Each structure stands twice: as C-alpha cells, then as structure tokens.
Amino acid sequence: MQELRELARRLLTEKTVGVVIAYEEGPRGLRPVFVTNPAGADHLVFDHRAVQNLAAYLNPRRRHLAPLGKPAVVVKSCDARAVAGLIRETQLKRDDVVLIGVRCGGVARSADAQGPLSAETLADRCAGCAEREPHLADFVVGPAPARLESAARRAARAAELDAMTPAQRWEFWTAELGRCVRCHACREVCPMCYCERCLADKSQPQWIESSPHGRGNFAWQISRALHLAGRCVGCDQCERACPVGIPLGLITRKVAEVIERRFGHRPSDDPAVPAPIGSFRTDDAQEFIL
C-alpha cells in the first residue's frame, strides 16, 4: 500500500486535489475515508475487503462534498465503469476528478471478511470478471493480481430461475420483493441513481406507491431495474446495502444479459462508448413495435 499512500500524499501536498476518497481500517473492516491532509494518507488501505464503490461519491446529488475541492478517487475496474457512465451522461466532467486505479483480483462478499480471498468468499459480482486494471484511471497502482476462479453461485441461481415456469418465478419474486421495506438504500448507494427527484418520491401524480406492500414493491424494483438497463455497472452495491438481503443482483444481471443479447452492449470504462438507450442504430430489430 506504500505506492497508494505516497501518491495520495503527493496529490494533496501539491494541491492537485483537495480530497482523496479512499479506504481505511474501520471497526468493521474497510470503510470509505475522506483525506484532506497529506498526513492522513498514511492510513490508507486497499485489499480484497474494499467492497464499496467509491464512484458513488461523485454522484451529482452529493453536493455537500463540493467544498472539499477537486477529488481524487480510488477505483477498481467496476468503479471506473460507473465514473465513465457519469461522464457519458454529462453528470461529471473528466477534468474535474483524478482517478487512482488499483489493480483488483476481486473482492470479498463483505468489508469485514476474515482470512485470504478464496472461491467461497469471493463476491458474486466478481464471477467471470476478467478486468484487472481500470483503463480510465490517471494513475494505476498495485501489483497485477492472479485471477481467482469463483464458485459461480449467482450463475447457478440464475439458471434455476430460468428453468422455472412463469408461475414459479412469480412466486419466487413475490416472496423476495415482499420483504422490501422501501428504505431506498439500493437507490442511495447506486452511483448511477442521480435524479434530483426520484420517480418513487413523486406524489403528483404518484407513479409508485410508497407503502411497502407487494404492488408498490414490484413497481419500485422493476422501475429501478429498467432505468438502469444498459447503465448498471454490476457493482452490486444495491444488493450489499439491502437490509433484508433481497438478491437484487439477479434482477440487474438479467436485464444486463438481455441488453447484451439484443444490442451487443456491455458497460465500459470508456465514456465515448454510447449506451444502447439514448443512441440510435439502424440495425435495431424493433420487432416489439410490430
């Protein structure tokens, strides 16, 4: 971690940035930290417990961070895709942020994971991820990690759902979404949810019922998944933040699978790559219009 600490210290000392958003040891594993003093760089840490997507702090709704000055943010490959998405959608200017990329071999399922990373403790989102280095970063630190084969738990669960009848899937999701308490933690932690006023908060007219019951919960979660179609970067922060453990990653990954199959699109850390929604292609099938 010496390389990361020295870089953060230099950026702050030279006043290239006003704050470095990174990770430090906390009472329950790694946690985000905002370092504004060069001496604070000595406490920075990065390892497989860095589960949070720090790109969420670049979300334009978080204006309270603006007084700290220009930020430098530590990003993994999946985090860099979120930064690229914000730039692509004109929510962030590339020159307004310094990206410190870290080579990542995958993260654990929780920030307080014990012991070394293994196939069993690897986060579901890391399954099949071959991106080890954020290409959008201004600086890249850390050694090149070996690829770790995962247990592919999510793929197995998705295959089980695909094999179900529509009635069985309805029963499964009715039970899962019925546990939603409508805390909107999934929205608050998502780097791509940046609307000034969310559809779920509008009351005139009220598009989505606010009470935590089946009808309102289905409307909220389905609306959110469709709003993230072609935009979700697969960081799974929504599922990690859910207090009742709803497998939201199954929904977002299924939508991503459909988007890739229909439009050949996968989220990229290149802001110049257009998203399928918001761009026009003459070879779109459009069979749903007929």
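Sort out the exposed loop GluC sites (Glu not before Pro) in the chain (DSSP loop, at most 12 other Cβ within 10 Å) and tell me the longest stretch that has none. Longest stretch, sites excluded: 15-119. Projecting the Cα positions of PRO247, LEU199, ALA185 onto the charge dipole of the chain (unit charges on Cβ atoms of Lys, Arg, Asp and Glu, taken about the Cα centre) puts LEU199 furthest along the positive direction.
Apply the Kirkwood formula to the stretch 189-271: the hydrodynamic radius equals the inverse of the mean of 1/r over all pairs of different alpha-carbon atoms; give it in Å with one decimal.
13.9 Å
The convex hull of the Cα atoms of the chain, projected and averaged over all directions, covers 17.0 nm².
Among PHE46, PHE172, PHE34, the largest mean-square fluctuation in a Gaussian network model of the chain, built with springs joining Cα atoms closer than 10 Å, belongs to PHE172. Stretching the chain fully between GLU89 and GLU149 yields a gain of 18.2 nm (0.36 nm per residue, less the alpha carbon separation). Expressed to the nearest 5 percent, the antiparallel share of DSSP beta bridges inside the stretch 47-156 is 10 percent.
Computed from backbone phi with θ = phi - 60° and the Karplus coefficients 6.51, -1.76 and 1.60, the 3J(HN,Hα) list for the stretch 7-23 is 5, 4, 4, 5, 4, 6, 5, 7, 6, 5, 9, x, 8, 10, 9, 8, 10 Hz; x is used for glycine and proline. The angle separating the long axis of helix 153-163 from the principal Cα axis of greatest extent in the chain is about 10 degrees.
Just so you know, the Cα atoms of the stretch 28-69 work out to an Rg and Dmax of 11.9, 31 Å.
3J(HN,Hα) along the stretch 187-201: 6, 5, 8, 7, x, 9, 9, 10, 4, 4, 9, 6, 4, 6, 9 Hz, from the Karplus curve 6.51 cos²θ - 1.76 cosθ + 1.60 with θ = phi - 60°, whole Hz, x for Gly and Pro.
Considering only ILE277, ILE21, ILE259, the mean-square fluctuation computed in a Gaussian network model of the chain, springs between alpha carbons under 10 angstrom, is largest for ILE277. Rounded to the nearest whole Hz, the Karplus-based 3J(HN,Hα) values (6.51 cos²θ - 1.76 cosθ + 1.60, θ = phi - 60°) of the stretch 206-211 follow the sequence 8, 7, 10, 5, 7, 6, with x at glycine and proline. The ranking of MET192, MET1 by Cβ neighbour count inside 10 Å, starting from the fewest, reads MET1, MET192.
Dipole orientation for the chain: of the candidates PRO143, PRO32, GLY264, PRO32 has the Cα lying most toward the positive pole (charges on Cβ; Lys, Arg +1; Asp, Glu -1). To the nearest 10 degrees, how steeply does helix 77-88 sit against the main Cα axis of the chain, on a 0 to 90 scale? For helix 77-88, the angle is close to 80 degrees. Among the lysines, select those whose C-alpha is under 30 Å from the C-alpha of LYS254, and discard any that sit fewer than 8 residues away in the same chain. Partners within reach: LYS76, LYS202.
Counting only Cα atoms, the stretch 2-141 measures 41, 35, 25 Å along its principal axes, largest extent leading. Quick check: Cα centre of the stretch 242-290 to Cα centre of the stretch 160-184, how many Å? Each part's Cα centre sits 21 Å from the other's.
Could you give log10 I(q)/I(0) at q = 0.09, 0.20 Å⁻¹ for the stretch 71-207, computed by the Debye formula over C-alpha point scatterers of equal weight, without solvent? Log10 I(q)/I(0), no solvent term: -0.42, -1.24. When a/c reaches 1.5 or more, the comparison of a/b and b/c decides; with that in mind, is the stretch 233-290 rounded, prolate or oblate per its Cα gyration tensor? It comes out oblate by the Cα gyration axes. Taking amide hydrogens as placed 1.01 Å from N in the peptide plane, the amide H of VAL75 sits under 5 Å from those of ILE100, GLY101, VAL102, each at least 5 positions away in sequence or on another chain. Helix 248-263 and the longest principal axis of the C-alpha atoms of the chain enclose an angle of approximately 80°. The residue among ALA41, TRP173, ALA80 whose Cα reaches farthest toward the positive pole of the charge dipole of the chain, with charges on the beta-carbon of Lys, Arg, Asp and Glu, is TRP173. Taking the chain as a Gaussian network, where each spring joins two C-alpha atoms under 10 Å apart, which residue of ALA39, ALA167, ALA155 fluctuates the most? Fluctuation is largest for ALA167.
How long is the gain from CYS195 to THR13 if the chain were fully straight, where each residue apart is worth 0.36 nm and the alpha carbon distance is subtracted?
Contour length minus Cα-Cα distance gives 62.0 nm.
Every number in this text was worked out from the coordinates using simple rules, so none of it is lab data. This is a predicted model, so every value here is computed, not measured. Cβ atoms come from the backbone with ideal geometry, glycine included; neighbour counts cover every protein chain shown.
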